[in-house]
Amino acid sequence: MKLELMDAQKARFPVRFMCQQLGVSRSGYYAWQGRPESARQASDRVLAEVVLQVHHDSRRTYGSPRVHAELRARGQRVSRKRVVRLMREQGLAARRRRRYVATTDSRHRQPVAPNVLARDFSPAHPNSTWATDITYVGTREGWLYLAVVSKPFSRKVVGWSMSETIDRHLVLAALDMALKGRQPPRGLVHHSDRGSQYASEEYQQALAARGIECSMSRKGNALDNAVVESFFKHLEARTRLHHGLHHASASTTGALRVHRGLLQPAAAALDPGLCQPPSSLPQPPALNRAPISLMRTC
């Protein structure tokens, strides 16, 4: 083990220094260097390639127990400890399941609207109902939150916003994009959960000013907003391989970088109005420069 360590670090430290620190003779080290590869080392080298391939085929989700089980299923006689060692030497590990991040805080004293939508996700008119919700995206620098406004009629996203903080400004920005881009008629039913962001006085005033009727899901009932949950599931499935992305603090460019890496693969659900916005509606340059092919997602 000492000789392997010395061989790996010989570009950084003098051989004489390492021999003194590790209690190894220089002649012994050079004699070891001249020896041919042992049968065990050759076997480890071949097996390490197989372990790497199994881990890669699992989309980097397998840990040593599943890699070991897969090798045994392929007829490889190998111990669990050996698999652990080979994976550690190659820096392989199971992808950890992301921890749960709460996006809904219904413990507030703001008024709660009744469930006017009542799971009617097939309206007769394009702009008769909207549904909105918040999800989160894990990056190497922390959580980034995404708020969307969707039309159940076409299952298109008509407004979206991303931020490092989950507050009323996040959902207000998504609502503002939807209102400017769609110009809905008065009487539109706007459905959301009971979160403090949607129940806030500022958000409710924005709805009332446009003559929009507020509807909220029942407490702890995700199916009441299934149309947006379906979009989030589709987004997660399409972007599962885009993990460990960077985003630059709370800047617009940082949010767009993650948007282009995460939202755009599933952006077939975006409304065409977001891809070709009116001149009065400022849009992120990423959407203006890169046209998005549209398709129904749900």
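The values are calculated or read from the model by the stated rules, or taken from the named source; none is laboratory data. Just so we're clear, the structure is a prediction, and the values are computed from it rather than from any experiment. Ideal geometry is used to build each Cβ from the backbone, glycine not excepted, and the neighbour counts take in all protein chains shown.
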Answer residue from the stretch 182-236, given it is out of contact with any strand residue (DSSP E or B) (no Cβ under 6 Å at 6 or more places or on another chain) and basic (Lys, Arg) and is farthest from Leu146 (Cα to Cα) among those
Arg186
Read through the list (1) modelled with pLDDT under 85; (2) surrounded by fewer than 13 Cβ atoms within 10 Å (Cβ to Cβ), then give the number of the only condition that Thr239 fails.
(2)
Which residue pairs have Cβ atoms closer than 8 Å, lie 6 or more positions apart in sequence or on different chains, and pair a first residue in the stretch 38-56 that is surrounded by 11 or more Cβ atoms within 10 Å (Cβ to Cβ) with a second residue that is of a type in the set (Val, Ile, Thr)?
Leu47/Val78; Val51/Val67; Val51/Val83; Val54/Val67; His55/Val67
The correct count of residues that are over 33 Å from the mean Cα position of the chain (by Cα) and hydroxyl-bearing (Ser, Thr, Tyr) in the stretch 21-63 is 6
Being of a type in the set (Lys, Arg) and farther than 21 Å from Gln90 by Cβ, is that true of even one residue in the stretch 25-35?
yes
Within the stretch 166-174, identify whether any single residue is surrounded by fewer than 15 Cβ atoms within 10 Å (Cβ to Cβ), farther than 20 Å from Ala208 by Cα and touching a strand residue (DSSP E or B) at 6+ places or on another chain (Cβ under 9 Å), and answer yes or no.
no
Kindly indicate which of Arg218, Arg119, Arg194 is surrounded by 16 or more Cβ atoms within 10 Å (Cβ to Cβ), of a type outside the set (A, V, I, L, M, F, W, C), part of a loop (DSSP other than H, G, I, E, B) and touching a residue at least 60 places away in the same chain (Cβ under 8 Å).
Arg194
